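This report refers to the structure that appears directly beneath it.
The values are calculated or read from the model by the stated rules, or taken from the named source; none is laboratory data. Computed from a prediction, not measured in an experiment: that's the story for all the values here. Please note: Cβ atoms are built from the backbone with ideal geometry, for glycine as well, and neighbour counts cover all protein chains shown.
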There are 2 protein chains.
Amino acid sequence: MAVARPVDPERRAARRLQIIDAGLTVFAERGYDGATTARICRQAGIGSGTFFHYFATKADLLLAILELGTEETTERAAGLEGRTDPLGVLLELVASTADDAADARVPGFVRAVAGVMHEPAVAEALAADDAAQRDVLRRWVERGQANGEVRTDLPAARIVSWLALLTDGFLERVAVDEGFTAEGERELLVATARSFLRGG
Amino acid sequence: MAVARPVDPERRAARRLQIIDAGLTVFAERGYDGATTARICRQAGIGSGTFFHYFATKADLLLAILELGTEETTERAAGLEGRTDPLGVLLELVASTADDAADARVPGFVRAVAGVMHEPAVAEALAADDAAQRDVLRRWVERGQANGEVRTDLPAARIVSWLALLTDGFLERVAVDEGFTAEGERELLVATARSFLRGG
DNA sequence: CAATTATTGGAGCAAGCACTCCACGAACGC
DNA sequence: GCGTTCGTGGAGTGCTTGCTCCAATAATTG
């Protein structure tokens, strides 16, 4: 009778994260289509039955990874409220991209995702992530403009696009360029962003 | 007896280009794996037999497109020999990226390629293209440094990487960002590159 | 016109894939 | 212990895909 064996949310979350981690690794090194579910399962050390017990679809795994990234972004943004130096905040946000890129899997994952952008679900998730990130940036850019710390000859939205250009390009370079390391170029990234924000 | 029906190189080249053009289109809008050979054939208005008569493999088509791009790069470089204003040349080269991006298929194709970088053959071809492009840029950067037009606080190779960062990021933004058009942002790209080269 | 060969379309095939299904074992309430 | 449900692995399946094969056609020479 009795309702035996209730779900253990912690155990479930842990397994989920384990699969997510494996997915991140394999997506990064093989691309989306190159990452077969079989390989992801092997990387995670599980059977395919388990995989589809946690994710209905391979695409769902990708989406879950993206969602995790978006969460981190919003958390990071929340931790910055109350600051009064918009330029400093913006540069920290830019620098955090370099820090993310220090995990070698991140750049690879980013290009893997870019390669599946034509899938509507992925495009939507990525758009949401992009919008969240842009929202944060724009708010600080506007404050900086009001402040006099940021150039006012360009609208805030356009400045945000250019910050994104810098960080996207940075990730791409780290992925491709042998001599271009996240740690080594971090400082120059910040300096370049500062120069741009001031209106060099 | 008689050797009838000799190959017509022009006809062959034309067909080849027709397929290449279709491939560029479909790769750009569907990604590499999303671009089925069937769809490429439909786009080109040919049967699959014809396709494989011209390209042994789907990957070969991708490689052919890349090779065409490399050729254009080297041709463009050759046309610049003899100039004495390194900074001007560099900015023209950067601007030509923006011009390429005006063809909406180019940014899409670039990310499609990025999504298959884990294939050794593609990685190799892309490395060759990258090396060719870098070689040209580095030569002009070095001349600019000797000239006093380009900053000397960074080694030429590193400056080249950062120029590539700008152009890569530019292509990515054009592909993703609704409000970010190649024509509209071209000028700012050149200005930003100039600022960076001078050492802002 | 005949002979010969490049060129073409499309039917079909083998392989690989995401995903389903099921049976067994473990964990819990009673 | 017993009953019940969750968690798990892996064999199997149906579909898609890159690619092959071949018969028909077009083009060119003599």
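Brief remarks on what is shown
- A:Leu126 vs. criteria farther than 14 Å from A:Phe196 by Cα, within 13 Å of chain B (Cβ to nearest Cβ) and surrounded by 19 or more Cβ atoms within 10 Å (Cβ to Cβ): yes
- Pairs where the first residue, in region B:27-42, is more than 9 Å from every other protein chain (Cβ to nearest Cβ) and the second is in a loop (DSSP other than H, G, I, E, B) and buried (at least 19 other Cβ atoms within 10 Å of the Cβ), C-beta under 8 Å, 6+ apart: B:Phe27/B:Ala35
- Within region A:147-183, the residues that satisfy the criterion of being small (Gly, Ala, Ser) and either in contact (Cβ under 8 Å) with a residue 24 or more places away in the chain or facing chain B (nearest Cβ under 9 Å) (or both) are A:Ala157, A:Ser161, A:Ala164, A:Gly169, A:Ala175, A:Gly179, A:Ala182.
- Residues that are within 9 Å of DNA strand C (Cβ to nearest atom) and assigned to a helix (DSSP H, G or I) within region A:12-40 comprise A:Thr37, A:Ala38, A:Arg39, A:Ile40, listed in sequence order.
- Top-ranked residue of region A:184-200 - restricted to ones that are free of Cβ contacts under 8 Å to residues at least 24 places away in the same chain and loosely packed, with under 15 Cβ neighbours inside 10 Å, ranked as farthest from the other protein chains (Cβ to nearest Cβ): A:Glu187
Residues are listed down the side, and each one gets a yes or a no for (1) surrounded by fewer than 19 Cβ atoms within 10 Å (Cβ to Cβ); (2) away from DNA strand D (no atom under 13 Å from the Cβ); (3) not assigned by TED's automatic domain parsing to the domain that holds A:Leu93:
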site	(1), (2), (3)
A:Gly23	no, yes, yes
A:Val26	no, yes, yes
A:Gly31	no, yes, yes
A:Thr37	yes, no, yes
A:Cys41	no, no, yes
A:Gly45	yes, no, yes
A:Phe52	yes, no, yes
A:Leu68	yes, yes, no
A:Glu75	yes, yes, no
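- Answer residue from region A:54-66, given it is surrounded by 14 or more Cβ atoms within 10 Å (Cβ to Cβ), near DNA strand C (Cβ under 9 Å from one of its atoms) and over 18 Å from the mean Cα position of the chain (by Cα) and is nearest to the other protein chains (Cβ to nearest Cβ) among those: A:Lys58
- Residues in region A:61-108 that are of a type in the set (S, T, N, Q) and in a helix (DSSP H, G or I): A:Thr70, A:Thr73, A:Thr74, A:Ser96, A:Thr97.
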